[in-house]
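Worksheet for the structure shown next.
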Amino acid sequence: MPRVLLIEDDPSVREGVELGLRRRGHEVRAAATGEAGLAAMAEFRPDLLLLDLMLPGMNGVQVCRQVRERSQLPIIMLTARGDDFDVVIGLEAGADDYIVKPARTEVIEARIRAVLRRLDDGGAGRPAIEFYGELAIDRVGLTVTKAGRPLALAPSELKLLLHLAAAPEQVFSRQQLLEHVWEHSYHADARLVDACVARLRGKIEDEAGSPRYVQTLRGFGYRFGPL
Amino acid sequence: MRRARTRRRAAAVAAVAVAVPLLGGCGIQETDVIEAGGPASVDAFFNRDSEMLLFFRSPDGGLSPVIRTTGSSTVFGDGYAESGSAAQNPGDTDGPVPTEKVVVALLAGPRKEDRAAGLTTSLPAARPGGTVEVELLPGGRVTTRLPLALEGLDSTAVRQLTCTIAYSQDADGQVVVELTGQDGASTSGTCGLAPGTTGNVPGTATSGGAT
Amino acid sequence: MSTGPESGPVLGRARVRAFGLRTRLLLAFLLVAAVSAGTTAALTYREARNALLETAQDTAVTSFREQVQQIGVGLPVQGGEDLEELLRGIARRGKPHPWVVFAEYGSVRASSGENPVSTVITPELRRAARANPHGSFERVVKDGVPYLTIAMPTVFKTGPYSLLPSGLVLYAVMPMTDEQVNVDALLMAARDGALPGLAVALIPGLIAARSVLRPVRELRRAARNMGSGRLDTRIPVRGSDELADLARTFNESAGQLERTVRELREAEERARRFASDVSHELRTPLAGMLAVTEVLDEDADHLDADTARAVRLVSAETGKLAVLVEDLMEISRFDARAAELNTDEIDVAEAIRKTLSNRHWTDDDRVRTQLPDGIRARLDPRRFDIVIANLVGNALRHGGAPVTVRLRTEARSAGTPVLITEVMDSGPGIRTDSLPHIFDRFYKADAARIRSAGSGLGLAITLENVKLHGGTIRAGNLPGAGAVFTLEIPLRAEGAGG
């Protein structure tokens with residue numbers, strides 16, 4: 001069972017989520033502030049971070065940035081609907097997904113599983129390493145290098161790249177990507193896709209303004225290539 | 001609706017206001033009879049010393065003076081004789097023509113040239129042998145006995161006599177004339193034909209046989 | 001949304017505008033100018049004409065008298081050649097124009113012309129000449145030609161100082177054709193003077209109208225500004241005339257209106273913030289509670305019956321409370337105009353199918369669809385999902401299965417085509433008196449049903465979401481039975497790429 005670090009300032013939410021997840025067999029460490037959470041990370045070594053955006057002192061977005069500087073730990077933000085601006089900033093800061101409070105434990109757990117799930121499609125009958133231009137994608141080792149240099153991709157970024165690269169030049173609508181990469185419903189927030197694409201481009205493209213690898217088809221969605 | 005009516009009324013008022021002074025005198029209009037100055041004074045070559053002034057009736061009912069010279073003696077041949085009196089002598093060519101003579105000439109009626117101008121007389125035709133007596137009274141009055149009956153004469157006839165006698169007596173004709181007829185009736189009055197006098201109609205005075 | 005009542009007043013306003021304030025002011029000014037210019041011209045003309053005529057008349061009368069005074073006549077006057085020659089002599093010397101001279105004496109009639117008796121001289125003039133010995137004249141218009149007729153009675157001297165009417169009256173008849181020409185020229189001059197005067201008056205007229213109308217225009221602009229929501233609009237007050245009073249009154253009213261509206265807005269804002277705050281405050285404890293409802297549900301089986309019922313009730317109601325609070329939050333955002341539209345171009349049929357399948361409504365035959373493929377529209381997928389889910393959920397709860405969802409597009413003459421989605425149920429339909437309130441918040445069409453599964457805000461949120469898309473939604477009843485909700489959203493698929 002994955003180890004979950006929960007950073008949440010409100011005691012009732014913290015306690016309720018911790019209780020619900022632990023009942024489902026997760027090992028949960030809860031922290032009330034961002035600083036406490038960051039301090040607990042080295043020692044607890046979580047598999048996933050559940051991060052409330054509205055925190056006293058150091059806020060969720062800052063915590064998110066600090067974590068991303070060091071690791072590609074999967075991060076799910078806890079947010080309340082209506083705080084739309086914070087969602088966008090959080091996603092840009094590197095969060096992989098978000099959950100709108102209040103949420104049932106089963107919803108939270110489903111999202112945790114989705115983020116942690118490895119992409120299992122397209123594994124068979126493919127070479128271990130695929131080369132696209134300067135990119136080298138290792139589907140087994142789950143590493144991506146560009147011109148020989150390894151790229152640090154967050155889980156959602158990696159999954160998105162793998163999904164797109166599995167069918168080069170095929171157009172995926174954002175709804176399709178939400179369903180397949182994030183396992184969200186068709187009607188979920190497409191900004192999740194846009195934010196992830198923007199982050200991915202920042203890492204793999206030479207110029208993020210004129211992308212080669214992840215291209216936009218206005219009105220339809222995204223595709224990988226053609227190079 | 002009401003606004004439309006108000007506007008129409010305003011327009012009518014405006015039209016009238018503009019039209020009245022403009023249309024009030026376009027072009028040359030007719031006028032009434034307007035007096036302009038006095039009459040024209042013409043030369044009639046009247047000489048009081050040798051001519052007499054007789055008044056006849058003009059067709060419009062007014063009196064018209066005619067000038068008659070005394071040169072012709074036919075007047076006397078008509079059988080009239082004046083009872084000589086006063087300052088004038090018959091046949092004397094100096095001084096005004098005697099009133100008796102003038103009255104006789106009047107009674108003789110218009111001559112041919114007078115009649116040609118449409119002049120008539122309202123006096124009855126003279127009977128031969130009648131005499132005319134003129135008597136001057138103090139205060140500018142003159143009494144004349146006429147050889148005819150006053151009764152039955154119309155006003156024009158009386159005016160003919162009055163004016164003829166008045167202008168015979170006085171150049172201005174400003175004399176009160178008393179007429180006495182054979183029937184004893186008498187009347188008095190002034191001529192009043194001169195410009196500037198109020199038309200004092202003769203013959204409005206007393207009548208009846210006071211004498 | 002019918003444009004019927006609009007068209008009438010628009011036409012009427014155009015007709016009234018033809019006689020607008022500007023036109024009336026201008027007309028009034030022109031009228032005044034016309035009256036004064038016309039009156040001045042007319043009076044000048046009349047004075048000039050009278051002076052002209054009087055000069056001509058006086059000259060004629062005076063010279064006629066002079067001419068007559070030079071003749072000599074014998075009494076009685078004899079008609080004939082001599083007299084006519086005399087008259088011709090006078091006529092030749094006529095001033096300012098030759099005259100025709102007539103003589104009347106007794107029954108003698110003579111003239112310098114062909115006819116011995118004039119047809120122009122009136123009986124009145126004759127009577128006046130005979131009644132009193134004065135010179136007199138009369139202007140006569142005969143056959144359109146004006147004549148001056150002068151009557152001159154003659155007197156002669158009976159003594160050095162005494163005059164006596166001779167009975168001879170001389171008449172002069174003078175056609176005033178030259179004067180007519182002059183008078184006509186005067187008239188032309190007056191008219192030609194007045195018309196440019198009027199034209200010149202037009203300019204100050206326009207300026208005056210403008211100065212009067214400027215406050216009116218400002219008033220109109222200000223009123224329009226007020227109407228478009230700029231309640232701080234004020235008019236500069238100039239002078240102390242009626243228009244200034246009007247401007248002052250307008251400013252006072254605008255100030256009061258602004259105050260009232262501000263108070264109302266503040267009150268509304270307070271109420272809205274309160275609802276929002278309450279929802280916010282409820283949400284945090286709910287988040288904790290909702291996270292543990294599962295624990296309650298799982299362990300309820302091991303508790304004694306009463307405790308288990310209580311625990312399950314708490315769990316269930318917590319879920320409903322969470323939905324209610326979420327809906328309240330959503331409504332608050334709409335009220336605060338904070339709702340954002342995150343549009344994406346989607347396949348509408350697919351979106352509806354996903355909505356239905358996510359809620360397991362297509363598992364059995366409860367919901368039927370008529371969804372043609374290939375209709376793409378720019379919509380907010382999440383909000384569209386809420387709209388469809390609310391409509392279908394409402395139809396299933398209050399109407400009856402089967403529920404039909406039908407999708408089509410329709411070209412509108414106005415421009416953009418519209419996306420039409422119809423949700424029809426097989427229930428008894430909506431009561432007519434409920435129809436106007438069906439989208440009201442917490443409105444319960446079915447009074448017997450104390451509480452439904454929904455929050456009571458579903459249709460209100462649906463309406464707000466549709467309005468956010470620029471669309472409309474109508475509720476109605478089918479001819480047979482069943483309610484129908486018709487959703488119309490303008491299609492902006494291709495053009496507006498985000």
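Just so you know, all these numbers are worked out from the coordinates, no wet-lab data involved. Quick caveat, the model's predicted, so the values are computed rather than measured. For neighbour counting, all protein chains shown are included, and Cβ atoms are generated from backbone atoms with ideal geometry for every residue, glycine included.
Some points to look at:
- Square roots of five times the Cα gyration tensor eigenvalues for region C:344-490, Å: 24, 17, 15
- A:ALA208/C:HIS437 FRET efficiency (R0 41 Å; Cβ-Cβ; nearest 0.05): 0.20
- Computed over chain A, Cα set: Rg, Dmax in Å: 17.6, 51
- Rounded if a/c under 1.5, otherwise prolate or oblate - region A:3-116, Cα gyration tensor axes: rounded
- Once the Cα atoms are used to define both axes, helix C:305-335 deviates from the longest principal axis of chain C by about 20 degrees.
- Hydrodynamic radius (Kirkwood) for region B:31-73, which is based on Cα pairs only, to one decimal in Å: 13.3 Å
- Acute angle (nearest 10 degrees) that the helix C:458-468 long axis makes with the longest principal axis of chain C, alpha-carbon atoms: 50 degrees
- Computed with the Debye formula from one identical point scatterer per Cα of region C:243-335, without solvent, the log10 of I(q)/I(0) at q = 0.12, 0.18, 0.20 Å⁻¹ comes to -0.59, -0.85, -0.93.
- If you wrap the Cα atoms of the protein assembly as shown in a convex hull and average its projected area over all directions, you get 76.8 nm².
- Note: region A:129-224, Cα convex hull, 91 Å³ per residue.
- Above-threshold pairs, the threshold being 28 Å between Cα atoms, out of A:LYS159/C:LYS467; C:LYS320/C:LYS354; B:LYS112/C:LYS157; C:LYS444/C:LYS467; B:LYS112/C:LYS142: A:LYS159/C:LYS467; B:LYS112/C:LYS142
- Per-q log10 I(q)/I(0), region C:322-419, q = 0.12, 0.18 Å⁻¹ (Debye; single scatterer per alpha-carbon; no solvent): -0.48, -1.00
- Peptide C:159-172 has a mean shielding of 6, counted as Cβ atoms of other protein chains within 10 Å of each residue's Cβ.
- Model label sites at C:ALA414 and A:THR143, defined 7 Å from Cα along the beta-carbon direction, differ in position by 6.2 nm.
- Relative intensity of chain C on a log10 scale, I(q)/I(0) at q = 0.07, 0.09, 0.12 Å⁻¹, equals -0.68, -0.90, -1.14, per a Debye sum over C-alpha point scatterers of equal strength in the absence of solvent.
- 16 Å reach of a label modelled at C:ALA336, 7 Å along Cα-to-Cβ, counting backbone N of region C:260-291: C:266-284
- Take every pair of alpha-carbon atoms less than 8 Å apart whose residues are at least six positions apart; their mean separation over the length of chain C yields a relative contact order of 9 percent.
- Working from label points 7 Å from Cα in the Cα-to-Cβ sense, the B:ASP183 to C:ASP143 distance is 5.4 nm.
- Note on C:SER211 and A:GLU169: with the Förster distance fixed at 56 Å, the Cβ-Cβ geometry gives a FRET efficiency of about 0.15.
- Fully extended contour minus Cα-Cα distance, from C:LEU468 to C:LEU303, at 0.36 nm per residue: 54.6 nm
- Cα-based helix-to-principal-axis angle, C:381-398 vs chain C, degrees rounded to 10: 80 degrees
- Note: relative contact order over region C:243-335, using C-alpha pairs below 8 Å and six or more positions apart, is 35 percent.
- Computed P(r) (all Cα pairs; region C:194-253; 5 Å bins; percent): 4, 17, 22, 17, 12, 9, 8, 6, 4, 2, 0
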